[in-house]
Structures are given as structure tokens and as C-alpha cells.
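The values are calculated or read from the model by the stated rules, or taken from the named source; none is laboratory data. Predicted model only: the values in this text are computed from it and were never measured. As a convention, Cβ positions derive from the backbone with ideal geometry for all residues, glycine included, and neighbour counts pool all protein chains shown.
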Amino acid sequence: MYTSTHKNLTPTMPSHHFSHFYHRMQGGVKRFAYPKEVWSPAGGWWAQPKTWKSNTVVVALGMAVTCAGVWRLSAEREWRHKEPIRWIPSMMWSKQFKSGEFKQDD
């Protein structure tokens, strides 16, 4: 089935065998009957829930809200002990620059 060339030591094979070889190489197997009573938090074998799109949206929104909250808390607590020598992005939201404690040169 597999033959080696003298110039190249990588195995060569007919193209119709590539799909089977690729799945074996990646650890994939043909689907088989599995016990239905086994529960898995990841969804079990070959999980493809019908609501995967809405689940993805819910998780993405949750992550966005969490990141926004962390960003806001971080921006409120940000404090610089030395004035930056050049412009940095946090000058746009830092209380020190908005209140005038550090002058922002344009």
C-alpha cells in the first residue's frame, strides 16, 4: 500500500487512501455505537447540539461583559506614580490625565 521513493523518504500513497490515512493520523475513527447513558459535560461522543449557535452567542456575550467589567475596574484603579515620557493609550481614560494632575501635551 505504501511505497517509498529513493529521492524522498516520505511515504507515498494513492489519493483515494489519503482520507482514511489522514483520519488515522489525526486520531479519528469511524463513528460507532456508544452507550447513551454515559453523561459528559463536554457533550459526549460527536456532540453537535441543535442550539450551538445560540450557545456560542451567549458565551461570547458573557465573555464580552466580563472583559468590559474587568477593563472598567482596571481603568478606575489605574494610578501612575511617574508621568509617562511619551503618549500612551491609557491617557485617554486615566483619571490623572482627565483631572489635570498630569498635563497631556498634544
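For V59, are the conditions met, namely being at pLDDT 70 or above and part of a helix (DSSP H, G or I)? Spell out the reasoning first.
Values: at pLDDT 70 or above: yes; part of a helix (DSSP H, G or I): yes.
Judged against the criteria, V59 is a match.
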Seminar exercise, completed: Being at pLDDT 75 or above, of a type outside the set (A, V, I, L, M) and exposed (fewer than 10 other Cβ atoms within 10 Å of the Cβ) narrows P89, P84 down to just P89
For this session: Read through the list (1) surrounded by 10 or more Cβ atoms within 10 Å (Cβ to Cβ); (2) at pLDDT 75 or above; (3) within 31 Å of the chain's Cα centre (by Cα), then give the number of the only condition that Q96 fails.
Result: (3)
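Quick one: count up the residues across segment 29-71 that are under 30 Å from S94 (Cβ atoms) and either loosely packed, with under 10 Cβ neighbours inside 10 Å or among the acidic types (D, E) (or both).
At the first step, the residues of segment 29-71 found to be under 30 Å from S94 (Cβ atoms) are 60-71.
So of that shortlist, the ones also either loosely packed, with under 10 Cβ neighbours inside 10 Å or among the acidic types (D, E) (or both) come out as none.
Residues that pass the stated criteria total 0.
Kindly establish whether W79 is part of a loop (DSSP other than H, G, I, E, B), surrounded by 10 or more Cβ atoms within 10 Å (Cβ to Cβ) and more than 20 Å from the chain's Cα centre (by Cα). Walk me through it before giving the result.
On the way: part of a loop (DSSP other than H, G, I, E, B): yes; surrounded by 10 or more Cβ atoms within 10 Å (Cβ to Cβ): no; more than 20 Å from the chain's Cα centre (by Cα): yes.
Here the answer is no, as W79 does not meet what is asked.
To keep it simple, each residue is scored yes or no on (1) hydrophobic (A, V, I, L, M, F, W, C); (2) in contact with a helix residue (DSSP H, G or I) (Cβ under 8 Å, 6 or more places away or on another chain).
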{"residue": "G69", "(1), (2)": "no, no"}
{"residue": "P84", "(1), (2)": "no, yes"}
{"residue": "M91", "(1), (2)": "yes, yes"}
{"residue": "Q96", "(1), (2)": "no, no"}
